[in-house]
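The values are calculated or read from the model by the stated rules, or taken from the named source; none is laboratory data. Computed from a predicted model, the values in this text were never measured in an experiment. Reconstructed Cβ throughout: ideal geometry from the backbone, glycine too, with neighbour counts over all protein chains shown.
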Amino acid sequence: MTNPAQLAPAVAAAGTLPRLQDGPSGPPPRRALSGRNIMLYGTLIVVSVYYLLPLYVMIVTSLKGMPEIRLGNIFSPPVEVTFQPWVKAWAEACTGINCDGLSRGFWNSVRILIPSVILSVSVASVSGYALSKWKFKGSELFFSILLLGAFIPYQVMLYPIVIILRELGLYGSLGGLVLVHLIFGLPINTLLFRNYFAQVPEELFKAARVDGAGFWGIFIRIMLPMSLPIFVVSLIIQVTGIWNDFLFGVVYTKPDLYPMTVQLNNIVNSVQGVKEYNVNMAATLLTGLVPLVIYFASGKLFVRGIAAGAVKG
Amino acid sequence: MAITETSAAIPASGERQAVRPPNRLFRNISAKIALLPMILVAVGIFVGGTTWTIVYSFTDSGLLPRLDWAGLEQYERLWSQRRWIVSIQNLAIYGICSLVFTLVIGFVLAALLDRKIRFEDTFRTIFLYPFALSFIVTGLVWQWILNPNFGVQKIVRSLGFENFTFDPLYNADIVIYGLLIAGLWQGTGLIMCIMLAGLRGIDEDIWKAARVDGIPAWKTYIRIIIPMMKPVFVTALVLIASGIVKLYDLVVAQTSGGPGIASEVPAKYVYDKMFQGQNLGQGFAASTMMLVTVAIILIPWAFLQFGGRAKK
C-alpha cells in the first residue's frame, strides 16, 4: 500500500533533521510583502477589476429602479433593491408586437440547443472515431477540407445554405437552424474527438477486431466508455457556442422563433419607447446566465476545451 | 460445426470475389457510411457553397440569384461604396489594435500567472469568464458602461473634471476604440490561456540556467522564452485574426454600425446587402472579399506550419 515515492521525502526530511540544530540554513524566507509581490498582485488585482466591472455593473443596474439610475452613477450599489426589472425582462418586455418578454427567446434557445448539441456531438464523435481508427484512402483529405472550412468566413456560406434549406423545406424553422449548428460545429468537434481517439492504443483496437468486434461494436463497447472527459469538453464548446450564436439565428429563423440572443438585441436596441436600462441589464444578464453557469461549474474542463481546440488546431 | 461454418462462408466470399470491381470501395463500408455526413459538409457545404458564392459574385443577382454574367461589375461597385471603404478601414484599425493588444495583454497576464502565485485559479477564472459570454451580451454591457449620460464620462465629470469627454459610442472618430475595449475584454482571456499553456510547456531547466547566468526575468522572457514560444504565438495570431474577420455581433449590439456609418464592418455589409438590401450580388462580392482577406492571412501561416515537410 505505501508508495515508496511518498516515503522518500519523509526519509530525506528525517535525514536532514539533525542539521537544524546547527542553525539556520537555506535561503532566507521571502517576505510576503516584497516589492516584487506588491507589483505582481497589484497588477493582477487592477486587471481583475477591469474584467469584473461589467459583471458588477450588470448586476447592480438590474437591481435598481429607473429614478435611482437617472440620479446616481452606474457603479454605486442599489439603495433600494428591486427585482421588478428581472420580472419585466423575463415576462413583459416587448419586441415588436410580442410582449411576453425574454422567456419566449429562452425557450426557443432551449429548443434549438438540445437537438443541436445531441446531433453535433454524436456526429462529431463518430466522425472523429472513423477518422482516427478506420482511415481509408481520401479520409484525411476530406478532414483537411473540413478543417480549412472552419476558417472560411460564415458570410461566404450564408446564402448557399439558405438555398439548401429552402429546397429541404426547412428554411425559417428550428430544424433548419439545428442543421446549420450541426454543420458549423463539425470541424472543431471532429478534430477534438479525432485527436482523443488517436491516443487510444492501437493494440486495444486490434485485440477487439481479432475478437470479432466491428466498427460500431468497438465504438460502443470500447471507445465510448473511456471517452467521458472529451464528451464533456465537446458538450461545453457546443452548448456555449450555440447559446451565444446570433448570426445564424437571425438569418435562418423567423421572428417568433428567434433565439434568446437575437431577441435580447431587439429588446435593448429597439428605437421606440423610453429606454429602461435596468430592464435591459436584467435581460442581458439573463441571457448570459446559461453560459456563465456552465463556465463556473465546469472550471478546468472549459479551459481544457478551449486549449485543446486552439493549440492542437 | 466449424466445418459447416467455413463451408457456408466460402460461397459468400466467392460471391464477393465474383463482383470484384467495387470491392475496394466496400471495404470498411461502415466507416465510410459513418463519415458521410462529414464528407457531405466538407465537400457539399464548405467547398460547394464557397464556390457557388464566388461564381455568383460575378453576376448581377439582385433579389434572387441569377446567372447573368456581369464580370467585375459588382467588385467595382463595391469598392466605390463609401460604406465599404469605411468598413475595410475599421476592420484594419480594429484588426491591428486587437492583434497587438490581445497578444501583449494575453502574454503579460499569462506570464504574471506563471510566476507561481497564489490564487492562480481565481485570477484565471476572472480573466476568462467574459469569453463564455456572447458578443451580444458583451456589446450591450459596454454600451451601457460607455453611455456618456450615465457611465464613465459622467462619473469622471462628477469627480470634478467638468470638461472630461469620453463618449466613444457617440463620436465617429473614436467609435472603433469603443468596440476595441469591449472586444479586448471578451477575447484576451482565451489568448492568455493559450499562452499559459505554452509557458507551462517550457522546460524548467531553462529558467534555472538563466538564473544561474544572472539574467533578469524580463530579459529571459524577451530573449529566450518568447522565441521558444513562436508556434504558440502563431496559433494565437491565426485565432485572433480569423475572429477579427468574423466581427459582426459585437458591432450590431454595441453600435449598430453608428454613429452614421462610422463603425460599419464588412460582415455587417454582407448581411445588410444580402438579407435587407435585396442586393445579393453586392453581398456575394463583399463576402468573397472577406474570404480573400482570410486567405491572405492563412496561406503564409500554412506555409510556415506545413511548408517544407508536408506535401500540402
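A few notes on this one:
- When the helices (runs of 4 or more DSSP H) confined to segment A:144-260 are screened for residues that are buried (at least 23 other Cβ atoms within 10 Å of the Cβ) and either in contact with a helix residue (DSSP H, G or I) (Cβ under 6 Å, 6 or more places away or on another chain) or in contact (Cβ under 8 Å) with a residue 24 or more places away in the chain (or both), those reaching at least 1 such residues are found at A:154-168, A:174-198, A:228-244, A:247-252.
- Count of segment A:261-285 residues which are in a helix (DSSP H, G or I), more than 10 Å from chain B (Cβ to nearest Cβ) and hydrophobic (A, V, I, L, M, F, W, C): 2
Here is a yes/no grid of residues against (1) more than 30 Å from A:Met260 (Cα to Cα); (2) in contact with a helix residue (DSSP H, G or I) (Cβ under 8 Å, 6 or more places away or on another chain):
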position: B:Gly243; (1), (2): no, yes
position: B:Gln276; (1), (2): no, no
position: B:Gly283; (1), (2): no, yes
position: B:Ile297; (1), (2): yes, yes
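- Residue within segment B:216-230 that is among the aromatic types (Phe, Trp, Tyr) and either closer than 28 Å to B:Pro168 by Cα or within 18 Å of the chain's Cα centre (by Cα) (or both) present: no
- Candidates in segment B:20-70 are the residues that are of a type in the set (Phe, Trp, Tyr) and more than 7 Å from every other protein chain (Cβ to nearest Cβ); of these, the one that is nearest to A:Val162 (Cα to Cα) is B:Tyr56.
- Some residue of segment B:242-256 being over 29 Å from B:Gly151 (Cα atoms), of a type outside the set (Asp, Glu) and facing another protein chain (nearest Cβ under 9 Å): yes
- Residues in segment A:139-148 include none that are of a type in the set (Val, Ile, Thr) and under 20 Å from the mean Cα position of the chain (by Cα).
- Matching residues in segment A:61-82 - criterion: being within 11 Å of chain B (Cβ to nearest Cβ) and at pLDDT 90 or above: A:Thr61, A:Ser62
- Condition check for A:Val121: in contact (Cβ under 8 Å) with a residue 60 or more places away in the chain, within 30 Å of A:Pro225 (Cα to Cα), at the interface with chain B (Cβ under 9 Å from one of its Cβ atoms) and not polar (S, T, N, Q): no
- When A:Ser109, A:Ser139 are screened for being over 17 Å from B:Leu36 (Cβ atoms), within 14 Å of chain B (Cβ to nearest Cβ) and of a type in the set (S, T, N, Q), only A:Ser109 passes.
- Residue in segment B:220-230 that is of a type in the set (D, E, K, R) and more than 14 Å from every other protein chain (Cβ to nearest Cβ) present: yes
- Search result, residues across segment A:230-272 that are under 17 Å from A:Leu113 (Cβ atoms) and of a type in the set (S, T, N, Q): A:Ser234, A:Gln238, A:Thr240, A:Asn244, A:Thr253, A:Thr261, A:Gln263
- Test set (1) outside any loop (DSSP other than H, G, I, E, B); (2) modelled with pLDDT under 90 - B:Trp144 fails condition number: (2)
Yes/no matrix, rows are residues, columns are (1) facing chain A (nearest Cβ under 8 Å); (2) more than 25 Å from the chain's Cα centre (by Cα); (3) surrounded by 23 or more Cβ atoms within 10 Å (Cβ to Cβ); (4) modelled with pLDDT under 85:
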residue: B:Tyr129; (1), (2), (3), (4): yes, no, no, no
residue: B:Ile136; (1), (2), (3), (4): yes, no, yes, no
residue: B:Leu140; (1), (2), (3), (4): yes, no, yes, no
residue: B:Gly160; (1), (2), (3), (4): no, yes, no, yes
residue: B:Thr165; (1), (2), (3), (4): no, yes, no, yes
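- Within segment B:158-269, helices (runs of 4 or more DSSP H) holding 3 or more residues that are in contact (Cβ under 8 Å) with a residue 40 or more places away in the chain and closer than 29 Å to A:Asp245 by Cα: B:175-200, B:230-245, B:249-254
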